[in-house]
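First the structure, in the form of structure tokens, and then the observations on it.
The values are calculated or read from the model by the stated rules, or taken from the named source; none is laboratory data. Here the structure is a predicted model, which is why all the values come from computation and not from measurement. FYI the Cβ positions are ideal-geometry reconstructions off the backbone, even for glycines, and counts take in every protein chain you see. Surface accessibility is based on the protein's heavy atoms, side chains included, excluding ligands, DNA and RNA. Shrake-Rupley method; radii C 1.70, N 1.55, O 1.52, S 1.80 Å.
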Amino acid sequence: MQEILNAATLGSIYLLFALGMALAWGTIGILNFAHGATFVFSVLVAYMMTRDGSLPLPVILVVAMAAGAALSVATQLLVFQQIVDRSKNQRSTELRIIIGGIGVSAILIAFAQRVTASSPFGFNTSYSASQIRIAGVHLSTTALIILIAALGIGVGLTRW
């Protein structure tokens, strides 16, 4: 039962990332390789906030999401829209956007590596994960949040 729960949690993480990619692809019609790096940037903002202060987790999440959204809008306006405006045909546009996305991704990842010295890091927040034990199965509160988010978003999308 524990392995099924672990698989469901990992599958939920994949679902959330896939939905983000589908949203990006559906918006601009082309695969955006900067999507993951934008997520990394949002996490980096959250990390920097926890490193420099002790705000509650909901505030940190809202600020990190706003930073990711602002970066996404800036990338769209400053990179992708410029490519679309200057391209001569659809094939050229697609290739240039893919290359532009890889370039944006490389810049963001290099920035994150510079700030963190490429070292793993943890968050110092008011949130502390705890373990729930139900019928011999361990469930962390973090896994519970992931499962609820994936279920809520997944079910919400099927109703549209």
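Principal-axis analysis of the Cα atoms of the chain puts helix 2-28 at an angle of about 20° to the longest axis. Estimated purely from DSSP H runs of n ≥ 4, each contributing -39500 (n - 2.57), the mean residue ellipticity at 222 nm for the chain is -25000 deg cm²/dmol once divided by its residues.
Among the trypsin sites (Lys or Arg not before Pro) in the range 39-98, those located in a DSSP loop and surrounded by at most 13 other Cβ atoms within 10 Å of their own Cβ are Lys88.
Within the listed set Ala129, Ala110, Ala74, the residue fluctuating most in the Gaussian network model of the chain (springs between alpha-carbon atoms under 10 angstrom) is Ala129.
Heavy-atom surface analysis with a 1.4 Å probe gives the chain a carbon and sulfur content of 70 percent of its accessible area.
Glu3 contributes about 130 Å² of solvent-accessible surface, heavy atoms of the protein only, 1.4 Å probe.
Only one of the values [x] 24, 18, 15; [y] 32, 22, 13; [z] 29, 23, 17 was calculated from this structure for semi-axes √(5λ) of the Cα gyration tensor in Å; name its label. Label of the calculated value: [y]. Once the 1.4 Å probe is applied to the protein heavy atoms, the chain comes out at 65 Å² accessible per residue.
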